[in-house]
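Data first, discussion second: the structure below is written as structure tokens.
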Amino acid sequence: MDGTERVKDSHERHRSFSRSVEDVILSATHSRRNSRMEEEEEALTWAAIERLPTYNRLRTSIIKSFVETDAQGNNNNKVVRKEVDVLKLDLIDRQKFIDGTFKIAEEDNERFLKKFRSRIDKVGIKLPTVEVRFEHLTVEADSHIGSRALPTLPNVTRNIAESALGLIGIRLAKKTNQTIFKDASGIVKPSRMTLLLGPPSSGKTTLLLALAGKLEPSLKVKGDITYNGYKLHDFVPQKTSAYISQNDVHIGEMTVKETLDFSARCQGVGTRYELLCELARREKDAGIFPEADVDLFMKATSMGGVESSLITDYTLRILGLDICKDTIVGDEMQRGISGEMIVGPTKTLFMDEISMGLDSSTTYQIVKCLQQIVHITEATILMSLLQPGPETFDLFDDIILLSKGHIVYQGPRELILEFFDSCGFRCPERKGTAEFLQEVTSRKDQEQYWADRGKPYQYISVTEFANQFKRFHVGMSIHNELSIPYNKSRGHRAALVFTRYSIPKLELLKACFAKEWLLIKRNSFVYIFKMVQISIVAVVATTVFLRTQMHTQNENDGALFISAIIFSLVTNLFNGFSELSLTIARLPVFYKHRDLLFHPAWTFTLPCVLLRIPISLLESTIWVGITYYTIGFAPEASRFFNQLLLFFLIQQMAAGMFRLIAGVCRTMIISNTGGSISLMIVFILGGFLIPRGEIPKWWMWSYWISPMAYGFNALTVNEMFAPRWMNKLASDNATRLGVAVLENFGIFPDRNWVWIGSAALVGFAVFFNILFTLVLIFEVTFSYALNYFNKLALGKPQAMISEEVAAEIRADEEESKDDQNFRRPKLKTDSIFRSFSSSDGNNSAAIVMRVVRNTVDTGRTVVCTIHQPSIDIFEAFDELLLMKRGGQLIYSGPLGRNSHKVVEYFEAVPGVPKIKEKYNPATWMLEVSLAATELRLEIDFAQHYKSSSLYQ
């Protein structure tokens, strides 16, 4: 290349560089110009909103959307803003907002909450907070001794009799007094995440229920519980706080989102609207324009009366339930956290072992999001976790440690190890602090944590620990704080709720109507099947009572018609039998909603009754339309419609009666026994199996209270007073044939009985439904019984080893003793364990692991799935199969000593953070392999594994 060409090339590069610099400068200038224009456009939009009337201004906000290309196809990434009415946000707008604002729930939630808090702080608004105190709290229970406590039939009968005698002051039962919780005092403070720790049966659930005001009435409670200085009877604790159980019940036919939407609708918006009004007023006075996303969220979640709220979409995202939001719940008992109370305005939550059934990574994400809510919005949360991992444990600010009904420690998390160190116990390396805390008070496990091996170990009881804590500086500080009464003037009155229901009862009724209509549509197969069934039975009836063989000449012909009426009566009565099972299935959820004060009982029963009237009318029409003229009943149109009315009323009465039986009996087993007895009495004394004249006098009262008697009388009178029966004489040639037939069956020969029977059936239908409503109000609730049954008596098949496997192990061991040359099999597919959960407790999981290890030592192949394993349990395995969502394998190989193999594998991936000291490897590997991590690192762990030497 000569000199001239080199000079030209140099000039070209210079011009190219100059153009590049110029393009960058122009681009930056254009970007700044666009940014200023967008800011000016947004300011003009806010100014327009500020000029709206107050009500319209509070429901109008700005929603942003990004347009990547313009009309000419140019890529400009322009931000488009438009005014929206938050009450008219559709599904697409809500989903776009959630997807754009909370892409990564854990990270974006904290960022959003900080922006929310910044908006509040700018105008100097103080959020309402709740401080919960309990002083000298003691909970006791009286229980039967020995076999007398077993739920046998004789014992239940004795309990009922003794309860009846107890009402008049006669006490026959011998009971022992048990102390569940003893002389405990403490404080649950706002803005601080408090963890409630303790081994099983230590009193955690009792404490949470006591603080939430939901203890079973039969328990004896002493001491004081206050919220901001107010005692529980001074306000409505069920609306101020929420107890979230580890075992929740839901309506199986509803989706996850529909369940939360109904809950949000019933709980209302609380004080959010008042907060928004005050915030908007102060911002307008100060000339402050809020950020669009925060303003949209606050306004959308402050407006009541919407069927689907943005707060539901937000809750689904932060709980990680958005991927299954449209999934039918299916099973009414779902383990894990329930979002039903979180979607409401309640900021005081008592959460009972919400990690049941969740893996450690999911638990960490949920607790992390809750921690952000507590710290930024100054909420109050007391959460019990049976065995949290180290990373989850570190998210809490305060710890309450229970054991055998005593508070062993309460205070800052950072000081709890210092307390036990002062007692002579130390947490070893590679041991989770939570596991150490739950074992150090146990007589069986305590010795291994004795710190000074130069001194002889001495067991320290729970009572001694509790007394030492009172002398510890943290315990003394809490005692001093409790000695000073809470200053009520410090608390915001809006922090407590003083009304039973959150929204007007008419709105609650609308919500219940919407839910009931949804359930009818979801159960449409049941109602369609009932219509097909009644049609088939009607056709069968027409072939049995065929018109050509139905005559009207004498009393025997009349008896045949009455037989057809009885058959029709019984068929239509049992057509309402499906209400029994449908109602029983719904009762547990109703009792939960009733105790949470979602809605009164009548708003539940009224939609159940009214929305089924058209269905019952259609079924009655089908029956009468097929059978009336085919069988050959009286041809007059008036009598056709009279019979249609009577069968409709019989169906309404029957539906009400079966609902009442369901409400009283509450289970299918008891309903099938107790309900059958009731039906038998109604049938026998209804006047058609035994004529009225042959019923003993001392039983005659039951005839008059039997709805079947009124229906039977009205139907027969309607037929037998037709001209074709009344224009003929009976066999005595003196009495009208219709009257003679009626007298033969003990029926009143009075044509007014058509209307008497109709009025009586209406009365019975109303009476049964009112009685059903009263039963729902004053029956013993399911909530406590269900909770304790699930907690104490419900077997977990995942945690049990099949008897066949255990028998094989015993047989192999005996055979190996007899035959020294016995060789254990390498693989037996019927000896593979399925799954268990270490969240049931470290000790129980460790026992299962010992059995698993013994099984492996016999030469069998064992594969386990496990939730929330501790470090000890996780590292007891030899191999690891790790899968991500979707069933793709991302690791298969040895675990290594101290999990070093799996840790080294993931740490070798560029961008994956190193594991922290004392961090649970099981939790760490789940966190670093999340979908969010793949998105951030732009990697597919499944493909990475396939290309690794481990896979090859």
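Rolling a 1.4 Å probe over the protein heavy atoms of segment 314-465, with every protein chain left in place, gives an accessible area that is 49 percent carbon and sulfur. Put simply, when 209-216, 50-57 are sorted by average Cβ atoms within 10 angstrom per residue, most first, you get 209-216, 50-57. The separation of segment 93-147 from segment 454-499, counted between C-alpha centres, amounts to 23 Å. Once both labels are positioned 7 Å from their Cα atoms along Cα-to-Cβ, the gap between Thr865 and Ala759 label points is 6.4 nm. Scalar couplings 3J(HN,Hα) for segment 180-193, obtained by applying the Karplus form with A = 6.51, B = -1.76, C = 1.60 to θ = phi - 60°, are 8, 9, 10, 6, 9, 9, x, 9, 10, 9, x, 6, 10, 6 Hz; x denotes Gly and Pro. Scanning residues 5 or more positions from Gln246 or on other chains, those with amide H under 5 Å from its amide H are Asp352, with H placed 1.01 Å from N in the peptide plane. Peptides 405-415, 377-387 ranked from most to least packed give 377-387, 405-415, packing being the mean of other C-beta atoms within 10 angstrom over each peptide's residues.
Taking the protein heavy atoms of segment 841-947 in the context of the full set of protein chains, the accessible area attributed to carbon and sulfur is 55 percent at 1.4 Å. Of the whole protein surface, Leu774 contributes about 80 Å² of accessible area at a 1.4 Å probe radius.
For Ser403, nonlocal amide neighbours, meaning residues 5 or more places apart or on other chains whose placed amide H falls under 5 Å from its own, are Val408.
Counting every pair of alpha carbons in the chain, the share spaced more than 51 Å apart comes to 39 percent.
The value of relative contact order for segment 506-789, using C-alpha pairs under 8 Å at least six residues apart, is 25 percent. Using only Cα coordinates, the Kirkwood hydrodynamic radius of segment 472-525 works out to 16.2 Å. Along segment 511-527 the Karplus relation, 6.51 cos²θ - 1.76 cosθ + 1.60 evaluated at θ = phi - 60°, assigns HN-Hα couplings of 5, 5, 5, 4, 5, 5, 5, 4, 5, 5, 5, 5, 9, 4, 4, 4, 6 Hz to successive residues, with x for each Gly and Pro.
When the residues Met476, Met254 are ordered by accessible surface, computed with a 1.4 Å probe over the protein chains alone, the sequence from largest down reads Met476, Met254. The alpha carbons of segment 386-473 occupy a box of 36, 29, 23 Å along the principal axes, longest dimension given first.
Between Val902, Asn467, Leu172, the Cα set farthest toward the positive side of the dipole of the chain (charges on each charged residue's Cβ, about the Cα centre) is that of Leu172. Take the convex hull of the alpha carbons in segment 841-947; its mean projected area over all directions comes to 7.4 nm².
Across segment 145-253 the C-alpha pair distances fall into 5 Å bins from zero in the proportions 2, 8, 14, 17, 15, 14, 14, 10, 5, 2, 0 percent. Taking every C-alpha pair closer than 8 Å and separated by at least 6 residues, the mean separation divided by the residue count of segment 845-928 gives a relative contact order of 22 percent.
Peptides 316-322, 538-544 ordered by packing proxy, namely the average of other Cβ atoms within 10 Å per residue, highest first: 316-322, 538-544.
Compared with the alpha-carbon gap, the fully stretched path from Ala149 to Val851 is longer by 249.5 nm at 0.36 nm per residue. The count of lysine pairs in segment 506-789 whose Cα atoms are under 29 Å apart, excluding pairs fewer than 8 places apart on the same chain, comes to 7. The C-alpha atoms of the chain define a longest principal axis, and helix 753-778 lies at about 30 degrees to it. Rounded to the nearest percent, how much of the accessible area of segment 139-235 (1.4 Å probe, protein heavy atoms only) is carbon and sulfur? On segment 139-235, the fraction of accessible area on carbon and sulfur atoms equals 57 percent. For segment 526-558, backbone nitrogen atoms closer than 11 Å to the point 7 Å from Arg724 Cα along Cα-to-C-beta are found at 547-553.
For Lys444, the lysines whose Cα comes closer than 27 Å to its Cα, not counting residues fewer than 8 places off in the same chain, are Lys182, Lys204, Lys404, Lys431, Lys455, Lys470, Lys791, Lys796, Lys918.
Across segment 539-550, computed HN-Hα scalar couplings (Karplus, 6.51 cos²θ - 1.76 cosθ + 1.60, θ = phi - 60°) run 5, 4, 4, 5, 7, 6, 9, 6, 4, 5, 9, 9 Hz from first to last residue, x flagging Gly and Pro. Taking a ≥ b ≥ c as the square roots of the eigenvalues of the Cα gyration tensor, an a/c ratio of 1.5 or more together with a/b larger than b/c marks segment 376-522 as prolate. When shorter helices are ignored and each DSSP H run of at least 4 residues is given -39500 (n - 2.57), the per-residue value for the chain at 222 nm works out to -16500 deg cm²/dmol.
For segment 566-591 and segment 868-916, write down the distance between their C-alpha centroids in whole Å. Centre-to-centre distance over Cα atoms comes out at 54 Å. Under 5 Å between amide hydrogens, built in the peptide plane, is the criterion, and for His492 it picks out Thr129 among residues at least 5 positions away or on other chains.
In this structure the chain gives 49 Å² per residue of accessible area when probed at 1.4 Å with all protein chains present.
The values are calculated or read from the model by the stated rules, or taken from the named source; none is laboratory data. Treat the numbers as computed from the prediction; the structure is a model and nothing was measured. Counting neighbours? That spans all protein chains shown, and the Cβs are built from the backbone with ideal geometry, glycine included. Protein only, heavy atoms only, side chains kept; ligands, DNA and RNA dropped before computing areas. Shrake-Rupley method; radii C 1.70, N 1.55, O 1.52, S 1.80 Å.
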